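Below is one structure, written out as structure tokens; the observations come after it.
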There are 2 protein chains.
Amino acid sequence: MKMTTTTYVILGLLALRRWSTYELAKQMKRSIRYYWPRAESHLYEEPKKLVSLGLATATREDVGRRPRTVYEITDAGRTALREWLATPGSLPLVEFEGLVKVLFAEQGTKDDLLQTLATIRADAEATREHHAELAADLAVTGGPFPDRLHVNALVLRFMWDQAETVIRWAEWAETVVAEWPDTATQPAAPLDYALGDR
Amino acid sequence: MKMTTTTYVILGLLALRRWSTYELAKQMKRSIRYYWPRAESHLYEEPKKLVSLGLATATREDVGRRPRTVYEITDAGRTALREWLATPGSLPLVEFEGLVKVLFAEQGTKDDLLQTLATIRADAEATREHHAELAADLAVTGGPFPDRLHVNALVLRFMWDQAETVIRWAEWAETVVAEWPDTATQPAAPLDYALGDR
DNA sequence: CCCCTATACTCCCAACGGGAGTAAATTTCC
DNA sequence: GGAAATTTACTCCCGTTGGGAGTATAGGGG
């Protein structure tokens, strides 16, 4: 029964409003998974943990014959969240399989590498588009939490900047690799094009 | 007994040269952990898996009375790696606890938020510095694999660009937040400063 | 009425993190 | 030279997590 970052994420969402578990899982999928991804199957346990620790309450509702559980934060929950925000946290963690494939690219074909780079770019473009839609929603409607626009904007700008950086890097790498005869042949001055300006 | 991305990472390293398990773990820690982090305790199982699949061989050596195992890739291993490089891969995954704390910043103090941003910046500066050292090593000595500089350069440039982007974002966010009276008070036009140019 | 999707969950097993540990070799320090 | 610290070389443990599979009900559309 340990408070993990995931538990605090759920607690943070409960600080904004009351949520059913399904709604919590949906909100994770909509935005938070881009910087705190968690499998849906375990999200249903997190609010229960909060309840057992006195940081949230659970209310059983019935939708026809279907049960639903709605959770709300407690004052102790707000205090716990506030204290967590003041603690040092864990380092960022990135799992980027595409970049691993770039790293070992000379063990494969040039076409494979170009495909990998194109996929990386397309994924980043999709992420950028998704966050543009989130931003447009905030700009037009204020979103579900209009009094939090200022902090949401910090996060959205981060996501946008990151996606832009990946896209630009992929475009650059595609043009560089396009001029290689193959992945195993080292071009002249292999480091200059990457490190020339630093 | 399933081939995971981690298994392929080890296979990719074995494609470069023969390694002891400890050396594999050390190389993961030196560079690959930034984009494919894995706990050391499980890395020792991966080459064993490769051996059982015929993709690598294991040689037991003795250093005095201490045992060491050295692994080498097989031809089948090279083929498997080549084929994996041609497969579509999984999406990037990011766990960024600092950004989660930014997302819920209005539940805490302005000082906590500024501390979070400063920590994010410092971590990114350390990452940038680490990769600058890796790059300098490559530039001066050619590194352990001088015939792979061209692909290493692609990866290094990516890591540098990412770190730079995080640093710039954190610096920007620090200046923005510095002007807030507190985290709960929404400034005028809260979205413009983040989204004004897109 | 039927089909599909959404809502609302639970269960399972493999992959994994991180800590702890043992043992021998090597390096550093006094 | 000897002791302590660090490195090399692993194994084990337990909790966290991914992702797939599943059940059941509500709601919408043709």
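Where residues in segment A:139-150 are in a loop (DSSP other than H, G, I, E, B) and open to solvent by less than 20 Å² (accessible area, probe 1.4 Å), which of them is farthest from A:R30 (Cα to Cα)?
A:G142
Of the residues B:V94, B:V102, B:V9, which single one is within 10 Å of DNA strand C (Cβ to nearest atom), within 13 Å of chain A (Cβ to nearest Cβ) and among the hydrophobic types (A, V, I, L, M, F, W, C)?
Numbers: B:V94 fails: within 10 Å of DNA strand C (Cβ to nearest atom); B:V102 fails: within 10 Å of DNA strand C (Cβ to nearest atom).
Sole residue among the options that is within 10 Å of DNA strand C (Cβ to nearest atom), within 13 Å of chain A (Cβ to nearest Cβ) and among the hydrophobic types (A, V, I, L, M, F, W, C): B:V9.
Identify, from the list A:A126, A:A136, A:A132, the residue that is more than 7 Å from every other protein chain (Cβ to nearest Cβ) and buried (at least 16 other Cβ atoms within 10 Å of the Cβ).
On the way: A:A126 fails: buried (at least 16 other Cβ atoms within 10 Å of the Cβ); A:A136 fails: buried (at least 16 other Cβ atoms within 10 Å of the Cβ).
Answer to the check: A:A132.
In segment A:67-88, what residues are in contact with a Pro (Cβ under 7 Å, 6 or more places away or on another chain) and in a helix (DSSP H, G or I)? If you could, list the steps in order and put the result at the bottom.
Going through segment A:67-88, the residues in contact with a Pro (Cβ under 7 Å, 6 or more places away or on another chain) turn out to be A:71.
The answer is none; no residue qualifies.
Starting from residues that are small (G, A, S) and touching a residue at least 60 places away in the same chain (Cβ under 8 Å), keep the ones in segment A:12-50 and report whichever is nearest to DNA strand C (Cβ to nearest atom). Show your work before the answer.
Taking segment A:12-50 first, the residues small (G, A, S) are A:12, A:15, A:20, A:25, A:31, A:39, A:41.
Keeping just the survivors that are touching a residue at least 60 places away in the same chain (Cβ under 8 Å) gives A:12, A:15, A:31.
On the way: A:G12: 18, A:A15: 19, A:S31: 15 Å.
Here the answer is A:S31.
I'd like to know if segment A:40-62 contains one or more residues that are within 10 Å of chain B (Cβ to nearest Cβ), within 16 Å of DNA strand D (Cβ to nearest atom) and not hydroxyl-bearing (S, T, Y). I'd like the intermediate steps shown before the answer.
Step one: list which residues in segment A:40-62 are within 10 Å of chain B (Cβ to nearest Cβ), which gives none.
No: zero hits.
I need the full set of residues from segment B:16-59 which are in contact with a Lys or Arg (Cβ under 8 Å, 6 or more places away or on another chain), open to solvent by 10 Å² or more (accessible area, probe 1.4 Å) and not hydroxyl-bearing (S, T, Y), in order please.
Selection gives B:L16, B:E40, B:A58.
Check whether at least one residue in segment B:102-117 is among the acidic types (D, E) and either closer than 30 Å to B:Q27 by Cβ or not in a helix (DSSP H, G or I) (or both), and report yes or no. Before you say what the answer is, go through the steps one by one.
At the first step, the residues of segment B:102-117 found to be among the acidic types (D, E) are B:106, B:111-112.
Subsequent filtering for residues that are either closer than 30 Å to B:Q27 by Cβ or not in a helix (DSSP H, G or I) (or both) retains none.
Scanning segment B:102-117, I find no residue that is among the acidic types (D, E) and either closer than 30 Å to B:Q27 by Cβ or not in a helix (DSSP H, G or I) (or both), so the answer is no.
Those residues that are within 8 Å of chain B (Cβ to nearest Cβ) and among the polar types (S, T, N, Q), I need them from segment A:72-91; list them, please.
Passing the criteria: only A:S90.
Take the residues in segment B:80-91 that are of a type in the set (A, V, I, L, M, F, W, C) and within 16 Å of DNA strand C (Cβ to nearest atom), then tell me which one is surrounded by the fewest Cβ atoms within 10 Å (Cβ to Cβ).
First, pick out the residues of segment B:80-91 that are of a type in the set (A, V, I, L, M, F, W, C): B:80-81, B:84-86, B:91.
Still in the list and also within 16 Å of DNA strand C (Cβ to nearest atom): B:80, B:84, B:91.
On the way: B:A80: 21, B:W84: 22, B:L91: 14.
So the residue we want is B:L91.
List pairs: first residue in segment A:63-81 and among the aliphatic types (A, V, I, L, M), second residue away from DNA strand D (no atom under 16 Å from the Cβ) anywhere in the structure, Cβ distance under 6 angstrom, at least six positions apart or on different chains.
Qualifying pairs under 6 Å: A:V70/A:R18; A:V70/A:T59; A:I73/A:L14; A:I73/A:A15; A:I73/A:A56; A:A76/A:G54; A:L81/A:A15; A:L81/B:Q107.
Inspect all residues belonging to segment A:48-65 and state whether any of them is assigned to a helix (DSSP H, G or I), in contact with a helix residue (DSSP H, G or I) (Cβ under 7 Å, 6 or more places away or on another chain) and not assigned by TED's automatic domain parsing to the domain that holds A:D147.
If we filter segment A:48-65 for residues that are assigned to a helix (DSSP H, G or I), which is where we start, we get A:48-52.
Right, trim to in contact with a helix residue (DSSP H, G or I) (Cβ under 7 Å, 6 or more places away or on another chain) and you get A:49-50.
Still in the list and also not assigned by TED's automatic domain parsing to the domain that holds A:D147: A:49-50.
Yes; the residues of segment A:48-65 include at least one that is assigned to a helix (DSSP H, G or I), in contact with a helix residue (DSSP H, G or I) (Cβ under 7 Å, 6 or more places away or on another chain) and not assigned by TED's automatic domain parsing to the domain that holds A:D147.
Out of curiosity, is B:R68 exposed (fewer than 15 other Cβ atoms within 10 Å of the Cβ) and within 15 Å of DNA strand D (Cβ to nearest atom)? So that I can check it myself, show each step before the final result.
Numbers: exposed (fewer than 15 other Cβ atoms within 10 Å of the Cβ): yes; within 15 Å of DNA strand D (Cβ to nearest atom): yes.
Spelling it out, B:R68 is indeed exposed (fewer than 15 other Cβ atoms within 10 Å of the Cβ) and within 15 Å of DNA strand D (Cβ to nearest atom).
The values are calculated or read from the model by the stated rules, or taken from the named source; none is laboratory data. Worth saying up front: this structure is predicted, and the values here are computed from it rather than measured. Neighbour counts are summed over all protein chains in view; Cβ atoms, including those assigned to glycine, are modelled from backbone coordinates with ideal geometry. Accessible surface is based on the protein model in full, side chains and every heavy atom, while ligands, DNA and RNA are left aside. Shrake-Rupley method; radii C 1.70, N 1.55, O 1.52, S 1.80 Å.
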